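Here is the structure we will look at.
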Amino acid sequence: YNILRPRNVLPIHGEYRHLMANAKLAQDTGVPAERTLLAENGTVIDLRDGEARAVGQLDLGFVYVDGSSVGEITDADLKDRRILGEEGFISVIVVVDAATGKIISGPEIHARGFAEDDKVFEDVKPKIAAALAEAAQSGVRDQHALSQVVRRTIGRWVNQRLRRRPMIVPLVIEA
């Protein structure tokens, strides 16, 4: 600042506290406070007759780069990735009779992101079977409703037993 003697200063790099420190440094070296601008991303700056002024604000969000795609990641995607990374993933596959709702095959449980062996899930399989039998006895035949029964049952068990909240993907197949 001492060498260049700028008429206007617009700090552009760093967190807000860094921008403030840069602006103060500029003012300490002789740049007038009214010629020191602090702007957020999207602030429109107009430079006219040697004076910089904030004249507007654009509504900007973040642009995410994911492999070869740009900007297509949503907040929900980021939340899913955080859950996958921190809590893990469980898939449960169950085949039920479409007419009776009784289990034909399964439940088959696959987990990723757990230090425990898949054998730890042997305890919850009878609970899933019992919950599905109770739902079938109540007349529930809808695949989505049965999937929710599976999700709630294993989710409650995992939360109580392992103190985790993984992403759970139940797949109920009617045969």
What distance in nm separates the two pseudo spin-label positions at Val44 and Arg141, each 7 Å out from Cα along the beta-carbon direction? 6.1
³J(HN,Hα) computed for each position of segment 46-62 - Karplus, 6.51 cos²θ - 1.76 cosθ + 1.60, integer Hz, glycine/proline x: 10, 10, 10, 6, x, 10, 8, 9, 7, 10, x, 9, 8, 7, 10, x, 8
Net length gained if the chain between Arg112 and Ala98 were fully extended (0.36 nm per residue, minus Cα distance): 2.1 nm
Please compute the modelled spin-label separation between Asn2 and Glu34, points set 7 Å along Cα→Cβ, answer in nm with one decimal. 2.8
Reported to two decimal places, what Rg/Rh ratio describes the chain when computed on Cα atoms with Rh from the Kirkwood expression? 1.35
Taking the 0 to 90 degree range and rounding to the nearest ten, how far is the long axis of helix 75-87 tilted relative to the main principal axis of the chain, both from C-alpha atoms? 60
Per principal axis, descending, Cα span of segment 1-61 in whole Å: 35, 29, 16
Amide H of Glu174: which non-local residues (sequence gap of 5 or more, or other chain) have their own amide H closer than 5 Å, using H built in the peptide plane? Val96
Dimensions of segment 80-174 along principal axes (Cα, Å, largest first)? 39, 25, 19
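Each value in this text was obtained by applying a stated rule to the coordinates, not by laboratory testing. Remember, predicted model here, so these are calculated numbers, not experimental data. Every residue, glycine among them, receives a Cβ derived from its backbone with ideal geometry; neighbour counts consider all protein chains shown.
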